[in-house]
Structures are given as structure tokens and as C-alpha cells.
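The values are calculated or read from the model by the stated rules, or taken from the named source; none is laboratory data. Here the structure is a predicted model, which means the values were calculated and not measured. Glycine gets a Cβ as well: all are built from the backbone with ideal geometry, and neighbour counts include every protein chain shown.
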Amino acid sequence: MAVREALLALLGMGPAYGFALHGGLAERTGGRRAINVGQSYATLERATKAGLIAPAGTTEDGLPLHGLTANGETVVAGWLSGADAPGADPWDESLDRVLIAASLPKVPLSPVLAAERERWLTRLTAADAVAADELAVAEQSEADASSRARLRRLAAAAEAARARAALAWLDEVEAAQASAELAFAPSDVRPKRGRRRSAQPSASA
């Protein structure tokens, strides 16, 4: 997951404090993504230093609120339009991006789905072309009918299968959006952090 971009996207709903943002990552990806709370806070700190987040006051009980800057809004817009984080897996990025976008009341989902479809169709075309090229080469030369060549074809077939699965899933998301609203507002309930300390046993008389 592009943790920074996802946290910034959540801030698009308005200022929030760190632990609420941390909990929102898991909540708004349907429970599929949960990261260490320390990673969330470290990411928020780096985003603040980069000018993507700015202090936005405090809660009634004194927790610092984070707000999105204009530069942060630009980063969010780029991520929602399909700019994957460097080194990120396209499958994970697509799933996380679509799920988070679907959950955010202020984000139109249709453009996000359209951009994802275009990218996965491009990947499918490229993977099918690689598989076809490998097969053509193998048919022309016995040397290329080796285990290595077969593995290359299988790798290309896997990429094509993943692209088809992504496209089918995007159709499922669109159908779900059409039948019921997926977006929801931030909860007013304070997320619980850790477990309550158990009561100390009373001393024996």
C-alpha cells in the first residue's frame, strides 16, 4: 500500500488525529490492510516535513489534528488517478486505491474505476503479446523450447490472468456501487488503542 497517499486521501475528508487515520486504513480497505501504528505516525511526520500536511488545531481533549495542504491535495489527486508508489505492486495498489476511493464520500468513483480499467487492459495486452512472442520463438527453435522458455510463457500467462482478474473485480466494484452506497463518513467514536490494563488482584489478608 502507498501508506502516505492513503493517509493523505483520508485527510481529504477533513482534519483528523493520527490514531483515527491509522484505524481508517484498515476500515476503508475492508480489513485487508493493517499496518503498524508506528508506521502510520512516522508517515504522518514525514508528510508534514514534506509540506503535504499541516497542523490543524486539536481535538477537545487536546489531540493534535492534521490537515491537508494544497501540495497534499495534488498528491492525493495523482494517486487516485493511478500514480502508483515507487516499487509498489500494481495489484495491491489498485485494490487499495479503489477500496479507499469507494469509501470516501467526496471522491467520485467512476473516474477511478475507468483509469484502473485502462491500465489493466494495457497490462493484459502486453502480457498476451509476450506470451505470443515466446510461443512463436519456441515453435521456430528447439533450443527455445526449453524449461526457461516455458517458464517465461507461464510468467506472462500469470500476468495476463492477474489482469483479467483485476478487470473482473473492477466490474464487481462497479456493480456493488450501483446497488448500494459504499462511502461513509468518519466515525465520531474514538478508536481504542491497545487493551485495558487488567485489574490488580487484591492483596491477601
Restricting the search to region 161-205, which residues are in a helix (DSSP H, G or I) and either modelled with pLDDT under 75 or among the hydroxyl-bearing types (Ser, Thr, Tyr) (or both)?
Ser179
Tell me, please, whether a residue that is under 22 Å from Leu170 (Cα atoms), out of contact with any helix residue (DSSP H, G or I) (no Cβ under 8 Å at 6 or more places or on another chain) and of a type in the set (Lys, Arg) can be found in region 24-36.
no
Within region 7-17, identify whether any single residue is loosely packed, with under 14 Cβ neighbours inside 10 Å, of a type in the set (A, V, I, L, M, F, W, C) and within 22 Å of Trp169 (Cβ to Cβ), and answer yes or no.
no
The residue from Ala131, Ala136, Ala127, Ala114 that alone is at pLDDT 95 or above and in a helix (DSSP H, G or I) is Ala114
May I ask you to say which residue of Ala47, Ala54 is among the aliphatic types (A, V, I, L, M), part of a helix (DSSP H, G or I) and in contact with a strand residue (DSSP E or B) (Cβ under 6 Å, 6 or more places away or on another chain)?
Ala47
Can you tell me which residue is modelled with the highest pLDDT among those in region 54-73 that are surrounded by 13 or more Cβ atoms within 10 Å (Cβ to Cβ) and of a type in the set (Val, Ile, Thr)?
Thr69
Could you list, ordered by first residue, the pairs with Cβ atoms under 7 Å in which the first is in region 102-118 and basic (Lys, Arg) and the second is not in a helix (DSSP H, G or I), at least 6 apart or interchain?
Lys106/Gly12; Lys106/Met13
In this structure, is Glu93 outside any loop (DSSP other than H, G, I, E, B), at pLDDT below 95, under 22 Å from the mean Cα position of the chain (by Cα) and not assigned by TED's automatic domain parsing to the domain that holds Arg28?
yes
Are there any pairs, at least 6 apart or on different chains, whose C-beta atoms fall under 7 Å, with the first in region 139-160 and at pLDDT below 75 and the second among the small types (Gly, Ala, Ser), and if so, which?
Asp144/Ala138; Ala145/Ala138
Determine whether Leu95 is within 25 Å of Ala185 (Cβ to Cβ), aliphatic (A, V, I, L, M) and touching a Gly at 6+ places or on another chain (Cβ under 8 Å).
no
Criterion first (at pLDDT below 95, loosely packed, with under 15 Cβ neighbours inside 10 Å and assigned to a helix (DSSP H, G or I)) does Gly87 satisfy it?
no
When residues of region 11-44 are filtered for being in contact with a His (Cβ under 8 Å, 6 or more places away or on another chain) and either of a type in the set (Gly, Ala, Ser) or part of a strand (DSSP E or B) (or both), how many remain?
4
Which condition does Gly78 not pass, out of (1) surrounded by 17 or more Cβ atoms within 10 Å (Cβ to Cβ); (2) modelled with pLDDT under 95; (3) not hydroxyl-bearing (Ser, Thr, Tyr), if it passes all the others?
(1)
